[in-house]
Each structure stands twice: as C-alpha cells, then as structure tokens.
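Enquirer: Here's a structure for you.
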Amino acid sequence: MTRRKPLTIAVAVILALLVAGGIGLLVRQAFFKPKSITAYFTSATAIYPGDEVRVAGVKVGTIKAIQAQGTKTKFSLAVDRDVPIPANAQAIIVSQNLVGARYVQLTPPYEDSGPKMSDGAVIGLDRTAVPVEWDQVKTQLMRLATDLGPKDDASKTAVGRFIDSAANALDGNGQKLHDTIA
C-alpha cells in the first residue's frame with residue numbers, strides 16, 4: 001500500500017500540471033494572441049506571407065496569408081494585440097524601392113482617443129492602396145519616349161533603349177529579387 005501512494009501522488013501532480021498548462025494556454029490565446037485583421041487590395045505583386053505589417057514604420061505584425069479572390073486580393077494580417085489601431089485605419093502596401101521587400105503599413109497611428117480596430121476587423125478596397133508597378137511606369141515612359149523620339153521606332157532613342165533594357169533585366173525576376181533583398 002505504501003508503493004501505491006507515491007504513484008497516486010505522481011499521477012495527481014501530472015494531472016495538475018496538465019490542467020494548469022491547459023488553463024495557461026487558454027489564457028494566453030484569449031489575451032495575448034495577435035489581433036486578426038483582413039485587408040483587401042487590388043493586387044499583391046511582390047509581397048508574400050511572412051512579410052511585415054508596420055505602424056509608423058515599426059513592425060507590429062506579419063502577413064499570415066494572401067488569397068486571390070477575383071478582382072481583389074485578401075490579406076490576412078496578424079497584429080500585436082497591444083498595438084492600438086484606429087477603427088478607420090487604411091492599409092497601404094509600401095515599396096521601399098524598385099526591387100526591395102514590401103510591407104503593409106497601417107495608417108494613421110492611433111491617437112489618444114477614438115474607436116480602435118477590433119479583432120476580426122476588415123479593411124475594404126476603399127481604404128487600401130498599392131504602389132505603382134514598374135510595368136505601369138514602363139508603359140508611361142515608353143509613351144513619353146515615343147512622343148519625344150523618332151516616329152518610326154521608340155527603341156532607337158536613348159530613353160527607349162534604357163526602358164527596354166531595364167524591363168528585360170527585371171522581367172520574371174520578382175521572386176529572386178525579393179529573396180536576395182529580404
């Protein structure tokens with residue numbers, strides 16, 4: 001009977017630890033898990049799950065998932081719960097430079113008053129923005145080169161040759177550039 005008593009105590013201690021761990025996990029998930037925010041953008045070029053979410057340039061979370069949904073793209077963001085975000089915040093994809101990593105900027109930063117964005121909030125297309133893409137810049141520069149250059153072939157001008165050469169160098173290398181810089 002004396003050998004059973006230590007076994008009973010050991011089982012009771014293990015059960016108590018499991019219950020305490022379970023309660024701790026529930027408390028952690030309820031109070032410390034990141035806030036989920038969904039944002040819809042018109043495109044998701046050169047931005048990936050795992051990239052940063054920032055407020056005033058400071059990392060406050062990450063992009064958990066990106067899903068194409070017809071003419072829009074759904075971003076699932078995980079933001080630190082203790083960072084207040086204004087209820088009417090905008091989400092902007094920021095490109096630091098032509099080939100650098102991108103991130104989502106939530107703006108404006110929260111002031112001392114006003115409603116805060118809650119867990120599960122949605123930021124619609126009317127409150128999001130994406131950077132101008134290189135292809136759009138190239139199209140406009142080609143139009144300018146055509147207007148300024150000879151009428152028979154825009155690629156014969158210096159501006160036209162530069163644009164063609166830059167486009168050829170960057171074509172299809174978005175992921176490689178992201179991996180190199182990130």
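The values are calculated or read from the model by the stated rules, or taken from the named source; none is laboratory data. If you're wondering where the values come from, they're calculated on a predicted model, not measured in any experiment. So basically every Cβ, Gly included, is an ideal-geometry build from the backbone, and we count neighbours across all protein chains shown.
Enquirer: For residues that are under 15 Å from the mean Cα position of the chain (by Cα) and of a type in the set (Gly, Ala, Ser), scanning just segment 71-88, find the one that is nearest to PHE41 (Cα to Cα).
Expert: This residue is SER76.
Enquirer: I've got another one for you. In segment 79-114, what residues are touching a residue at least 60 places away in the same chain (Cβ under 8 Å), surrounded by fewer than 19 Cβ atoms within 10 Å (Cβ to Cβ) and of a type in the set (Val, Ile, Thr)?
Expert: Scanning segment 79-114 gives a single hit, VAL99.
Enquirer: Continuing with this model, one more query. What pairs come up if the first residue lies in segment 43-57 and is among the aliphatic types (A, V, I, L, M), the second is modelled with pLDDT under 90, and their beta carbons are under 7 Å apart, counting only those six or more places apart or on different chains?
Expert: Between residues of segment 43-57 that are among the aliphatic types (A, V, I, L, M) and residues that are modelled with pLDDT under 90, the close pairs are ALA46/GLY174; ALA46/HIS178; VAL55/PRO109; ALA56/PRO109.
Enquirer: Quick one: VAL159 ticks every box in (1) over 14 Å from ILE37 (Cβ atoms); (2) part of a loop (DSSP other than H, G, I, E, B) except a single one, so which number is it?
Expert: All conditions pass for VAL159, except number (2).
Enquirer: Restricting to segment 115-149, give me the number of residues that are surrounded by 11 or more Cβ atoms within 10 Å (Cβ to Cβ) and either of a type in the set (Phe, Trp, Tyr) or farther than 23 Å from GLY100 by Cβ (or both).
Expert: Here the count works out to 18.
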